[in-house]
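Below: the structure, in structure tokens.
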Amino acid sequence: IKTATLPLGGIGVSRYSLDLELYNKAKEKTDFLLDRVLDIILNHNHYEVITTDQKLTARQVIIATGKRSLLDKKLARPFIQKKSPWLAVKMHYKFKMSNDIVELHAFKGGYAGLSKIENGNVNLCYLVNYESFKEYKDINAFNKEVLTQNKALKEFFKVAVPIWEKPITISQISFEQKQPVEGKLLMIGDTAGLIHPLCGNGMAMAIHSAQIASKYVTQYLQNEITRDQMLIKYSKSWRKTFSSRLLYGRWLQKVLLHKKLTTLSYWFLERLPFLLPIIIKKTHGKEIQP
Ligand SMILES: Cc1cc2nc3c(=O)[nH]c(=O)nc-3n(C[C@H](O)[C@H](O)[C@H](O)COP(=O)(O)OP(=O)(O)OC[C@H]3O[C@@H](n4cnc5c(N)ncnc54)[C@H](O)[C@@H]3O)c2cc1C
């Protein structure tokens, strides 16, 4: 087992709690309409947003539909045309674990993270190549046959008690390059670009991209710049802030998931305490200024 200090620290919080906090905070300033967006069309100087129930118009739209959505299909975004081999599995457990530790474990075809969340339960989340996964009947069989090959995970599964009836799975996770602006539509968060979860920086990047977008969208709405200028400025700023992080994330994933976890991967893990601060620097950027 190799350990290293996380230079920026970290907080373990479930999506349910974080999203609820953000939602309540945003509700103080804005209205919410809970509906599914089916299409967005730019008509001269406004957008038409078609939902399951209504047709809305807006001077500007920001798309934050996550890593994969029906809108991506509708807009025929290039990444959606390609098949992606990644599958994510997530489950909460009752398990005794230190508050200030994030564990990362490798297994054949993927890696798993263990971290404590706000209510004391432990989140197990893993990413696996579908080719490795499909040889097994189901998640339980995969956990039993593959994850437990890792000694630490074997110990975990011996005592950990699942909280949910069954795990959450997300398939077709694509790490292909995306564009932050496509067809004059502005995108933030995972919709603009998805970093490998290994870097643990997706949430921060989503929030940071929203901050960048808000700056230029505000300038546009206050008639200080045109829409085209706003889209160019956002695109440039997004690339400057995130492109190299995404590149390092891709590189890191390749190194760690080197076939059968040999050579380079072991070389990497051996040097983890020394390399981790460098990796964090390369994949997390600088502190966000308000
Ligand atoms: C396996 C895995 C592990 C991860 N672990 C971490 C981690 O430890 N730390 C971290 O910081 N990040 C992690 N991430 C990344 C993080 O989850 C994402 O970067 C983050 O959720 C991006 O936020 P978002 O708002 O862009 O997208 P999302 O959180 O996916 O939100 C998009 C929302 O849009 C909604 N939506 C989609 N389509 C439509 C539509 N047509 N109409 C209306 N609504 C729609 C969805 O329902 C969803 O609620 C992980 C990702 C994966 C896959």
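The values are calculated or read from the model by the stated rules, or taken from the named source; none is laboratory data. Nothing here was measured: the structure is a model prediction, and the numbers come from that model. Neighbour counts run over all protein chains shown; Cβ positions are idealised from the backbone, glycine included. Note: accessible area is taken over every heavy atom of the protein model, side chains too, but ligands, DNA and RNA are not part of it. Shrake-Rupley method; radii C 1.70, N 1.55, O 1.52, S 1.80 Å.
Within the assembled protein chains, the solvent-accessible surface assigned to Met97 is about 20 Å², based on a 1.4 Å probe.
Between the listed residues Phe133, Pro162, Ser214, the Cα displaced farthest toward the positive end of the dipole of the chain, a dipole computed from Cβ unit charges relative to the Cα centre, is found at Phe133. Checked against a 29 Å cut-off, the cross-linked pairs Lys134/Lys184; Lys215/Lys282; Lys82/Lys240; Lys116/Lys281 give Cα-Cα distances beyond that limit for Lys134/Lys184. Once you have a ≥ b ≥ c as the square roots of the Cα gyration tensor eigenvalues for region 86-173, tell me rounded if a/c is under 1.5, and otherwise prolate or oblate according to whether a/b is larger than b/c. Judged from the Cα gyration tensor, region 86-173 comes out prolate (a/c at least 1.5, a/b above b/c).
Identify which of Lys166, Lys29, Lys236 has the largest mean-square fluctuation in a Gaussian network model of the chain, with springs joining Cα atoms closer than 10 Å. The residue with the greatest mean-square fluctuation here is Lys29. Placing unit charges on the Cβ atoms only, positive for Lys and Arg and negative for Asp and Glu, gives the chain a dipole magnitude near 820 debye about its Cα centre.
When shorter helices are ignored and each DSSP H run of at least 4 residues is given -39500 (n - 2.57), the per-residue value for the chain at 222 nm works out to -12000 deg cm²/dmol. Phi angles of region 29-45 translate, via the Karplus equation with coefficients 6.51, -1.76, 1.60 and θ = phi - 60°, into HN-Hα couplings of 10, 8, 9, 10, 10, 8, 7, 9, 7, 9, 7, 9, 10, 8, 10, 6, 10 Hz per residue; Gly and Pro are given as x. Placing +1 on the Cβ of every Lys and Arg and -1 on the Cβ of every Asp and Glu, with nothing else charged, gives region 86-173 a dipole about its Cα centre of roughly 220 debye. Largest mean-square fluctuation among Tyr47, Tyr126, Tyr234, in a Gaussian network model of the chain whose springs join Cα atoms under 10 Å apart, belongs to Tyr47. Accessible-area rank, largest first, for Asp72, Asp39, Asp31, Asp19: Asp31, Asp19, Asp39, Asp72, with all protein chains present and a 1.4 angstrom probe. As a size descriptor, the averaged projected area of the C-alpha convex hull of the chain was calculated at 16.6 nm². Helices in the chain that qualify as membrane-span-like (whole DSSP H runs, Cα extent of at least 15 Å along the helix axis, mean Kyte-Doolittle hydropathy of 0.5 or higher) are 272-284. Distant-in-sequence amide contacts of Gly109, defined by a placed amide H-H separation under 5 Å and a gap of 5 or more residues or a different chain, comprise Lys260.
Computed 3J(HN,Hα) for region 119-132, one whole-Hz value per residue from the Karplus formula 6.51 cos²θ - 1.76 cosθ + 1.60 where θ = phi - 60°, is 9, x, 6, 10, 9, 10, 9, 9, 10, 9, 6, 4, 4, 6, glycine and proline marked x.
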